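The values are calculated or read from the model by the stated rules, or taken from the named source; none is laboratory data. The model shown is predicted, which means the values in this text are computed figures rather than measured ones. Cβ sites come from the backbone with ideal geometry, for glycine too, and all protein chains shown count toward neighbours. Ligands, DNA and RNA are stripped out before the accessible areas are found, and what is left, the full protein with its side chains, is counted by its heavy atoms. Shrake-Rupley method; radii C 1.70, N 1.55, O 1.52, S 1.80 Å.
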Amino acid sequence: WCSSNAASTGSTGSNSSSENEPAPLHPFGCSRYSMTGGSGPYDRAVIFPEGKLIFCGIPKVSTSEWFKFLRFTAGATDYLSMAHYKPDFNRLRLDGMRPETQKELWDSRTWTRAVFIRDPAQRLLSAYLDKIAGGGNNVSFAEFVDVIANPEITGHSSGMKTGPIQTGLSWFTDPHWRPQAWSCNMSEDLPHIDYVGTLDRSAFHTKNLLERVGLWDSYGKHYRVYNGSHSSTNPHGIHPPALHESRIGFMQDGSTGKSGHHRNAQQKIDRYYSPELMEKVRQLYWMDFELWDAVQQSDGAVRGVDIAEKLKKECDAREIAKETEVI
């Protein structure tokens, strides 16, 4: 956060090591339809034309649900289906546009740029349980952390049934455990983000954001999902539930930080993390933890410029303390 580039744009800093910072930054157009290692910071950014909203998704932060909601606003009758690679979805991906158009929209003052983030420890564990353990790999969570903590970023760990994964953290790291701060250009230009929501307050932040851009009354409050578990043999062809089996309102499922979902998440943290492993992950994802802590200290909706200012003050205070110690 303390790099000269960030300072020149109003972004913030830290006295943490910069060895895990991504460089160089991928320009617009480099991650077209990728969603894999090597994709750029905007590979999950989608546009809601009616609300002039650019939602920049981050894997493992309910991004798939936002993709479904996007198709709902576009009139898809099977909006609960897996959205990835659906033709109507791809037409609304920022990466599907010409690089100059992407930049024009991203820089426009008339469009709102939004991103949701998640507790970094929970997100990394979720990625492991879903993509590594869920794939039948006989690899412990601690061993998985060792793989991505390996400073040799050109190597691969081949002890995975689901295929080798990149060691270390780089732009070629799988996006599901690539640092959140590298997404949506937050590491370089955090003040450019107009709205930063969090997964633990997704019900409030989602409704608040959609009200701001005029999409709540027209779409958000009418969104229907199944009230309870729903199984389908075809994840690409799921149709909406009937009213009597529906839960209405996009992301309005009690995700306020006190729900059973988040209590369960904390139980998993206690099960998989030792104090030493937590410290290792905190050092590895230091930018994510600084970003998360700054957002958690704020009430209500959060703007990137406010988070940047808070982090800048903390950075300046640390620099002054270091200079005082030298004297």
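Among the residues making up region 94-128, those that are outside any helix (DSSP H, G or I) and crowded, with 20+ Cβ neighbours inside 10 Å are 113, 114, 115, 116, 117, 118, 119. A single entry from 31, 8, 17 fulfils the requirement of being modelled with pLDDT under 60, open to solvent by 30 Å² or more (accessible area, probe 1.4 Å) and either outside any loop (DSSP other than H, G, I, E, B) or touching a Ser or Thr at 6+ places or on another chain (Cβ under 7 Å) (or both): 8. Taking region 272-303 as the range and being over 28 Å from residue 148 (Cα atoms) and open to solvent by less than 30 Å² (accessible area, probe 1.4 Å) as the test, the residues that pass are 300, 302. Contact map, region 194-215: first residue farther than 18 Å from residue 123 by Cβ, second residue open to solvent by 20 Å² or more (accessible area, probe 1.4 Å) and in a strand (DSSP E or B), Cβ cut-off under 9 Å, separation 6 or more or different chains; pairs are 194/112; 195/112; 209/112; 212/112; 213/112.
Per-residue answers, yes or no, for (1) farther than 15 Å from residue 125 by Cβ; (2) over 20 Å from the mean Cα position of the chain (by Cα); (3) β-branched (Val, Ile, Thr); (4) assigned to a helix (DSSP H, G or I):
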site	(1), (2), (3), (4)
265	no, no, no, yes
269	no, no, yes, yes
277	no, yes, no, yes
283	yes, no, no, yes
287	yes, no, no, yes
290	yes, no, no, yes
295	yes, no, yes, yes
298	yes, no, no, no
308	yes, no, no, yes
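For region 129-148, filtered to residues that are within 27 Å of residue 202 (Cα to Cα) and among the small types (Gly, Ala, Ser), the residue that is surrounded by the fewest Cβ atoms within 10 Å (Cβ to Cβ) is 134. Note on region 75-93: residues that are part of a helix (DSSP H, G or I), exposed (fewer than 13 other Cβ atoms within 10 Å of the Cβ) and touching a residue at least 24 places away in the same chain (Cβ under 8 Å) total 0. Applying a threshold of 7 Å to beta carbon distances and a minimum spacing of six or more residues, or different chains, the list of pairs starting in region 301-315 at a residue that is farther than 17 Å from residue 208 by Cα and ending at one that is part of a helix (DSSP H, G or I) and acidic (Asp, Glu) reads 311/290.
Does residue 252 satisfy being open to solvent by less than 70 Å² (accessible area, probe 1.4 Å) and at pLDDT 90 or above? When the stated conditions are applied, residue 252 passes them.
Annotation note: of 117, 165, 132, the sole residue that is of a type in the set (Val, Ile, Thr) and in contact with a Leu (Cβ under 8 Å, 6 or more places away or on another chain) is 117. Answer yes or no: is there a residue in region 224-241 that is surrounded by fewer than 18 Cβ atoms within 10 Å (Cβ to Cβ), in a loop (DSSP other than H, G, I, E, B) and at pLDDT 95 or above. Checked against the condition, which is being surrounded by fewer than 18 Cβ atoms within 10 Å (Cβ to Cβ), in a loop (DSSP other than H, G, I, E, B) and at pLDDT 95 or above, region 224-241 yields no hits at all.
Only one entry of 149, 133, 142, 181 meets the criterion of being farther than 30 Å from residue 248 by Cβ and at pLDDT 95 or above, and that entry is 142.
The set of residues from region 166-198 being open to solvent by 20 Å² or more (accessible area, probe 1.4 Å) and either over 16 Å from residue 290 (Cα atoms) or outside any helix (DSSP H, G or I) (or both) comprises 166, 172, 174, 176, 192, 194.
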